[in-house]
1. Name the pairs: first residue in region 229-241 and at positive phi, second residue in a loop (DSSP other than H, G, I, E, B), Cβ to Cβ under 7 Å, at least 6 apart or on different chains?
2. Quick one: how many residues across region 196-210 are in contact (Cβ under 8 Å) with a residue 60 or more places away in the chain and not in a loop (DSSP other than H, G, I, E, B)?
3. Return the total of residues in region 24-53 being outside any loop (DSSP other than H, G, I, E, B) and out of contact with any strand residue (DSSP E or B) (no Cβ under 9 Å at 6 or more places or on another chain).
4. Picking from Thr67, Thr37, Thr6, which residue would you name as being surrounded by 15 or more Cβ atoms within 10 Å (Cβ to Cβ), away from ligand 2 (no atom under 16 Å from the Cβ) and more than 17 Å from the chain's Cα centre (by Cα)?
5. Quick one: how many residues across region 79-122 are of a type in the set (Ser, Thr, Tyr), at pLDDT 85 or above and within 13 Å of ligand 1 (Cβ to nearest atom)?
6. Select from region 47-63 the residues that are surrounded by 22 or more Cβ atoms within 10 Å (Cβ to Cβ) and not aliphatic (A, V, I, L, M) and write down the one among them that is nearest to the chain's Cα centre (by Cα).
7. Looking at (1) modelled with pLDDT of 90 or more; (2) assigned to a loop (DSSP other than H, G, I, E, B); (3) touching a His at 6+ places or on another chain (Cβ under 7 Å), which one does Ser232 not meet, given that it meets all the others?
8. Determine whether Gly177 is modelled with pLDDT under 95 and farther than 19 Å from Thr58 by Cβ.
Amino acid sequence: MSDTTTNLDRLRASGKKEIAEALANLEINWDTRRVRTFLDDAHARSLGRSKGRIIGITGPPGVGKSTLIGTLIRLYRQQDLSVGVVAVDPSSQISGGSLLGDRTRMNPDPDDSRIFIRSLAARDRLGGLSEFAFPTITLMCALFDRVIVESVGVGQSESDVAGVVDSLVLCVQPGSGDSLQFMKAGLTEIPDIALVTKADLEGNAEQSFYDLKNALGNNAARGWKTQIHLVSTHSGTGLEDLCNSLDEHAACLRQGGQWAAKRQLQSRQWLEKSLGEQFGSIGLNHARAFLNAENLSTPFTTERDLSTRFRKIYLNISGS
Ligand SMILES: Nc1nc2c(ncn2[C@@H]2O[C@H](COP(=O)(O)OP(=O)(O)OP(=O)(O)O)[C@@H](O)[C@H]2O)c(=O)[nH]1
Ligand SMILES: [Mg+2]
């Protein structure tokens with residue numbers, strides 16, 4: 001067993017302070033071989049854990065994402081599953097973050113050591129994911145049974161979030177025209193589950209439900225038809241349906257062997273994005289020639305090795 005695997009076991013058994021430090025360390029010492037090897041072990045560990053699942057909850061500001069996550073946390077804790085949350089915060093670069101608001105809405109039990117909430121700055125004001133989203137979520141998936149990612153946006157950041165989760169849940173507000181905007185953005189294939197939130201409110205929840213039904217494609221190619229539910233965290237409507245759909249989607253991914261393929265594709269996408277941003281299309285094409293099943297199983301050291309090599313070739317900079 002490698003040192004880092006032992007460290008992972010230790011971290012899993014440790015407290016919130018140690019986990020927060022490990023996640024901060026990942027960013028501070030990002031370019032070191034030690035951190036990359038540690039993350040590759042976390043990646044292997046997360047693939048080997050049949051319990052570990054990553055769920056994305058996305059939708060416009062105020063639609064009820066954090067409140068819903070709070071409810072999911074309590075439901076999962078009742079099943080004795082540990083829960084890590086990553087809140088992607090587009091305002092954090094400007095205002096220092098709204099995690100306080102999210103945390104209040106999630107209302108986690110402060111004494112429960114098996115709930116952990118981490119805020120992550122977004123790449124931009126549209127809620128796109130930063131380079132640290134994939135490594136942060138990978139590490140958390142090695143530590144927690146459920147990792148839930150909250151991200152804001154309709155039409156901009158969904159595809160980013162889809163690239164780091166197993167199941168993506170889109171939330172729309174009743175009577176808001178969110179589904180229309182979503183359709184216009186051409187993202188109807190992306191969510192695995194779609195919810196009309198706040199179904200307890202008088203008004204247009206049913207209409208929004210039918211709008212969504214019309215908007216969403218049948219993802220038959222993936223062997224999964226997007227499930228749509230009306231939910232309310234206040235009255236409890238639809239929560240059981242949501243949990244059932246999440247379980248069914250996870251089972252569907254595992255049965256078809258799609259789950260490992262999806263995680264491998266996510267590694268590839270993250271690597272290509274990172275190398276493409278650093279070295280442009282020439283670097284990206286060069287990288288594509290190298291990537292194979294073996295080095296995609298260690299995405300974090302592969303990214304470091306390739307960027308060191310490309311820096312020497314393209315930028316004439318020698319690295320360690
Ligand atoms: N009536 C009703 N209100 C709800 C429900 N769920 C959430 N809300 C309210 O909606 C408001 C926003 O909820 P949040 O959970 O903070 O929404 P959010 O999508 O996380 O918001 P941002 O993080 O700012 O994007 C709060 O005032 C909640 O109390 C619901 O099921 N019914
Ligand atoms: Mg929120």
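The values are calculated or read from the model by the stated rules, or taken from the named source; none is laboratory data. As the structure is a computational prediction, the values presented were derived from the model and not from experiment. Note that each Cβ is placed from the backbone with ideal geometry, even for glycine, and that neighbours are counted across all protein chains shown.
1. Gly238/Ala199; Gly238/Val231; Gly238/Ser232
2. 0
3. The number of residues fulfilling the criteria is 20.
4. Testing whether each residue is surrounded by 15 or more Cβ atoms within 10 Å (Cβ to Cβ), away from ligand 2 (no atom under 16 Å from the Cβ) and more than 17 Å from the chain's Cα centre (by Cα) leaves just Thr37.
5. Of the residues in that region, 1 qualify.
6. Step by step, filter region 47-63, then rank; the result is Gly56.
7. Tallying (1) modelled with pLDDT of 90 or more; (2) assigned to a loop (DSSP other than H, G, I, E, B); (3) touching a His at 6+ places or on another chain (Cβ under 7 Å), Ser232 fails exactly one: (3).
8. So Gly177 does not fit the description; no.
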